[in-house]
Amino acid sequence: REMAAAGVDIIVLGGVPINLSRGSANAQQMIQDLEAELKVKVSTSASAQARAAKALGCKKVVVAQPYAHSDTDRIASYALHFGCEVLGATGWGSPFNQIGRIPQHAAVELGRKLMRAHPDADTILLPSPHWPTAGAIEPLEREFGVNVMSAQQAIVWDALRRCGVNDKIEGYGRLFREF
């Protein structure tokens, strides 16, 4: 409510686990209710990623996530909410409170590992906007000829597009270049 009162153009609610905690239908209702109440566009990190996955035509994905290996199945399952089939997934192994220490090369390394194991994938998903993935998008797309969608990229893309900013942006993947 404070953000809306401050005059923002859009409010994005982060945290896919929280966004989907009561199911995707309830998440959509929450967005609609908040937009009606606040008179401001509202999005969530989950809905942004679902829209981005749809725009890119993501069907068969691999998921490279930054957290503990024990979190991989749970985090990879979010891709199902984006309309995707998960062919494989892996994690970097970072505790949440150490995510800022993940090296720049981690997303590229995990993406390559997954694409070698699952060459039929059409998309590499890089969930969680909390780790450095922007520099991995273009190299992985060029190397494997697949979509690469990071959470941060999808959230920013969705917020811009929902606010009427449709500029094509080079250097951050097909999502910004073409949609």
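As a summary of the residue check, Gln152 satisfies the conditions (1) over 15 Å from Gln104 (Cβ atoms); (2) open to solvent by 10 Å² or more (accessible area, probe 1.4 Å); (3) within 8 Å of the chain's Cα centre (by Cα); (4) not hydroxyl-bearing (Ser, Thr, Tyr) except for the one numbered (1).
Going residue by residue through region 84-101, is there one that turns out to be touching a residue at least 60 places away in the same chain (Cβ under 8 Å) and under 22 Å from Arg51 (Cβ atoms)?
no
With respect to the conditions (1) open to solvent by 20 Å² or more (accessible area, probe 1.4 Å); (2) in a loop (DSSP other than H, G, I, E, B), Ala121 falls short on a single one, namely (1). Among the residues making up region 157-178, those that are assigned to a loop (DSSP other than H, G, I, E, B) and either surrounded by 15 or more Cβ atoms within 10 Å (Cβ to Cβ) or of a type in the set (D, E, K, R) (or both) are Asp167, Lys168, Glu170, Tyr172, Gly173. Checked against the criterion of being in contact with a Lys or Arg (Cβ under 7 Å, 6 or more places away or on another chain) and over 15 Å from Val148 (Cβ atoms), the candidates Lys41, Lys54 yield just one match: Lys41.
At least 1 residues being modelled with pLDDT under 95 and surrounded by fewer than 16 Cβ atoms within 10 Å (Cβ to Cβ) is the threshold, and among the helices (runs of 4 or more DSSP H) wholly inside region 9-93 those reaching it are 16-19, 24-38, 72-81. A single member of Val8, Val40, Val16 is of a type outside the set (Ser, Thr, Tyr), out of contact with any helix residue (DSSP H, G or I) (no Cβ under 9 Å at 6 or more places or on another chain) and more than 19 Å from Ala121 (Cα to Cα), and it is Val8. If you check Pro132, Pro127, Pro66 for being farther than 21 Å from Phe176 by Cα, under 13 Å from the mean Cα position of the chain (by Cα) and not aliphatic (A, V, I, L, M), only one passes: Pro66. So which residues in region 27-83 are under 21 Å from Val108 (Cα atoms), charged (D, E, K, R) and free of Cβ contacts under 8 Å to residues at least 40 places away in the same chain? Matches in region 27-83: Asp71, Asp73.
Can you tell me which residue among Val108, Val40, Val8, Val12 is within 15 Å of the chain's Cα centre (by Cα) and not basic (Lys, Arg)? When all the criteria are applied, what remains is Val12.
Gly111 meets the conditions (1) part of a helix (DSSP H, G or I); (2) touching a helix residue (DSSP H, G or I) at 6+ places or on another chain (Cβ under 7 Å); (3) touching a residue at least 24 places away in the same chain (Cβ under 8 Å); (4) under 20 Å from Ser45 (Cα atoms) in every case but one. The failed one is (4).
The values are calculated or read from the model by the stated rules, or taken from the named source; none is laboratory data. Remember, predicted model here, so these are calculated numbers, not experimental data. Glycine also receives a Cβ, built like all others from the backbone with ideal geometry; neighbour counts cover every protein chain displayed. Accessible surface is based on the protein model in full, side chains and every heavy atom, while ligands, DNA and RNA are left aside. Shrake-Rupley method; radii C 1.70, N 1.55, O 1.52, S 1.80 Å.
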